[in-house]
Amino acid sequence: MHLHAIAVSQTYKGRLTKTIDGLIYIGGVVGPITTLPQLIEIFLHKSAQDVSLYSWTSYLLGTIGYLMYGILHKQKPIIFLNAINLPVYALIVIGILMYR
């Protein structure tokens, strides 16, 4: 591979990485916002009758795992995404345990 082709390839990879990182940050904000209606329903109506403890506990544990992975590998987008999701998922699990 020629040096010019390597430089172009690295520039493209850098732009692609920045674009994907930006999308992850957007997802990190949008994801918890889309989950807020579930959280509000649980605490407003004080009922979690139709909400799956298994599913939300799985989401919570997965989020903890990904957060630890992001911290260990110093991946800021992964840390950001999961640090925002963690309290939302934890509150949903707490709400399910309180109001089921």
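Summary of computed values
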{"read-out": "Among residues of the range 62-100, those that are farther than 22 Å from V29 by Cβ, touching a residue at least 40 places away in the same chain (Cβ under 8 Å) and in a helix (DSSP H, G or I), counted", "value": "4"}
{"read-out": "Cβ-Cβ under 8 Å pairs, at least 6 apart or on other chains, the range 16-38 side within 14 Å of N85 (Cα to Cα), far side outside any helix (DSSP H, G or I)", "value": "Q38/V51"}
{"read-out": "Every residue from the range 37-61 that is assigned to a helix (DSSP H, G or I) and either surrounded by fewer than 11 Cβ atoms within 10 Å (Cβ to Cβ) or charged (D, E, K, R) (or both)", "value": "P37, E41, L44, H45, Y54"}
{"read-out": "Options I96, I64, I20: the member that is at pLDDT 95 or above and more than 13 Å from the chain's Cα centre (by Cα)", "value": "I96"}
{"read-out": "Answer from Y25, Y59 - the residue that is among the aromatic types (F, W, Y), at pLDDT 95 or above and within 13 Å of the chain's Cα centre (by Cα)", "value": "Y59"}
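The values are calculated or read from the model by the stated rules, or taken from the named source; none is laboratory data. Note that the coordinates shown come from a computational prediction; the quantities given were computed from them, not determined experimentally. Backbone-built Cβ (ideal geometry, glycine too); neighbour counts: all protein chains shown.
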